[in-house]
Every structure is written in C-alpha cells, then in structure tokens.
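Here, each number is a calculation from the coordinates, and none is a lab measurement. For clarity, every value in this text was computed on a predicted model and none was experimentally measured. Glycine gets a Cβ as well: all are built from the backbone with ideal geometry, and neighbour counts include every protein chain shown.
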Amino acid sequence: MNRRQFLGLTGILAGRVLTGAPERAAAAGPPQISPDAVGVLVDTTLCIGCRKCEQGCAERQKLPDRAFEDMSVLTTPRRPDAGAYTVVNRYYPKYVAPGPCCDSPTFVKFQCMHCLDPACASACITGAMSKQPGGPVTYNVSKCIGCRYCMMACPFQIPAYEYHRALLPRVMKCTFCFEYITKLPRDKGGLPACVQICPTEVMTFGKRADLLDLARWKIKNKPREYMDHIFGEHEVGGTSWMYLASDPLEKLGYPKLGTKAAPRLTEAIQHGVFQGFAGPLLLFGALGGFMWLTDRKGKAKHDSSEKEGGR
Ligand code: SF4
Ligand code: SF4
Ligand code: SF4
C-alpha cells in the first residue's frame, strides 16, 4: 500500500468513524447497480491528443476557458482540477533512449472513473457524493460541508476543491454529464460532451456490459494492438469508465490498483477496529459500574455513621 492509498483508506475510515456510519455502511454493502448501467470505453490507441474533449467539457460544464489549442501543456502530466474535469496527457511508454520509439506517443484522457463502489461516496459523511444505479457518481453541493474526505479517499485523485472561492467552495469533478445522459435522447445531445466532440471516436458510450463485450472483441481481433487487459473491469471493484491501451495503464499515468473496492477494505478494518474496541469498552463499562457501586456503598456507610453519630 502506498502513501496515497493509505491516505485514501484513512479518509474513508475517518469519515465513517466520526459519523457513526460504519454500521450503516456495513449493512448497506456495495451500491446497487442496474444491469443497464452505462459506462464509457476509452480506446487510448485512437487518441490523437487534440484536447477537443477538454474543450467540449469546459463549454458544457461552464468551466474556465483555457487555451485548448496550446499543445505545449501535454509535455507535463496534469491532473483534473477545480477548473478542468478532464485533461489529456502524453506519454512515451516505450521510451528507452532518444530515437524512433519516441515518435509515437500515447495520449490518455483522465476524468472521474465513476467507480461501481466509489470510495468518495463511502467516505462522504453527508451523502453529498452518491453512486446512481444508472452509472454516474454525482455530487450534491447542498449537502456538502467541505470536509474533503472524498478527496482523501479517491484512489484516482480526482475530486478537486475550489480553494480560490472564499464563499461556498465546491468539490469539483466530472459529472458524467449526468443531467444530459439521463434526460435527453442520444441524437439530441444525450451523450457526455467529451464523447460527442471527439473527432476520432476514442470513447464509446453505452451499457457497461456491452462495452465489456466490445473491449473483448477488440482485443481478440487486434491482439498485437492491445494489452489483454480492460482497465476498470475489475480494478477497485470495477469502474464505469474503462480503458484499452497498448501498454499497461501504470505506464500511462494510472496507479496500479487491486481488485477490491476501497470501501470493502475499510469495512474489514472497521470491523477489526470496532471488535478491538469492544473488549476495552466492556472493561471500562465494568470498571465504571464497579466505581459507581463502591461510591454508593461509601456514601451509604457515611450517611449511616452520620446518623449514628447524631443520636
Ligand atoms: S474516481 Fe474517485 S471521485 Fe470518481 S467515483 Fe471513483 S472514487 Fe469517486
Ligand atoms: S463526461 Fe461530461 S463532465 Fe465528464 S469529462 Fe466528459 S464532458 Fe466532462
Ligand atoms: S477529443 Fe478525442 S482524440 Fe482529442 S484528445 Fe480527447 S479523446 Fe483524444
């Protein structure tokens, strides 16, 4: 477990312990997902790094305008932040030395992965972050108290905070264009803006189950082009956004993660913690009871000797 993952688990645990949510969370288990839940398959082998997806997202989500035609930003890996729900980075995964290898970079788009069992929602003490049965992980600003446990918990370092806003700062992250994909038909804008604008169809939007079939079909048909791995099929319990690549995603800016969802890990820890607490609590309870009884007996003795003395 690295420092980031440790902080993430700590965030979830802190949120749950402080609010007494452990019993609720343990009883609730993973969120219920509809069999028709949607997702996006990102085929990184098709991405040309044009940053149109960044632009489409910023326009739809009314995020600050940036110089989207400036390709110099691709030189340094970026993370989504409070002003950008999605960013594209450039990597040279086969780089060993200057030469022809470096002429074919891989571009990777980052945004919230809309995890199936999201650590951010599990850590959130007010229910401001929640997993919708249809796929998206949504944020309700009116419930948010700014504790930022979601930021600590996310294994992908996605939620960002509006530190620059003195009044009512929000936690910012990709919305999966929830309000569009749930209300509009696809031919009338019912698609994520980034999916809609991409000129090379890097992203396919659809039912998660169908996307897995499509990914397997692509891998089978072009085994030399793709790693035999669908990133997000199982990572952290599965994600709604999934990736295909010609190199391991760990070489393309993604962390190496296990298959267990972070909330289930913390649940196991919590049970240990609370079981561990049970013994000391019983002992303290017994000691408290013993002291109370002793105190009462002492008082009774004192009262009776006072009465006897008064006779
Ligand atoms: S990627 Fe992070 S912010 Fe997005 S759903 Fe997963 S845990 Fe939450
Ligand atoms: S799904 Fe919507 S909010 Fe998320 S990155 Fe794409 S355009 Fe932005
Ligand atoms: S719009 Fe499509 S091709 Fe352009 S950077 Fe985004 S994902 Fe890649």
Approximate spin-label separation Q32-K251, in nm, with each point projected 7 Å along Cα-to-Cβ: 4.4
Exposure proxy ranking, count of Cβ atoms within 10 Å, fewest first, for V141, V108, V195: V141, V195, V108
Likely footprinting exposure, L214, L46, L167, fewest C-beta neighbours within 10 Å first: L167, L46, L214
Neighbour-limited loop hits for GluC sites (Glu not before Pro), the stretch 122-229 (at most 11 other Cβ within 10 Å; DSSP other than H, G, I, E, B): E201
Compactness of the stretch 3-265 as Cα Rg over 2.2 N^0.38 Å, two decimals: 0.99
Under the Karplus curve 6.51 cos²θ - 1.76 cosθ + 1.60, θ = phi - 60°, whole-Hz ³J(HN,Hα) for the stretch 187-197, x wherever Gly or Pro sits: 6, 10, x, x, 9, x, 4, 5, 5, 5, 8
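For the pairs K188/K222; K109/K143; K173/K251, flag any whose C-alpha to C-alpha distance is greater than 27 Å.
Among K188/K222; K109/K143; K173/K251, the Cα-Cα distance tops 27 Å for K188/K222; K109/K143.
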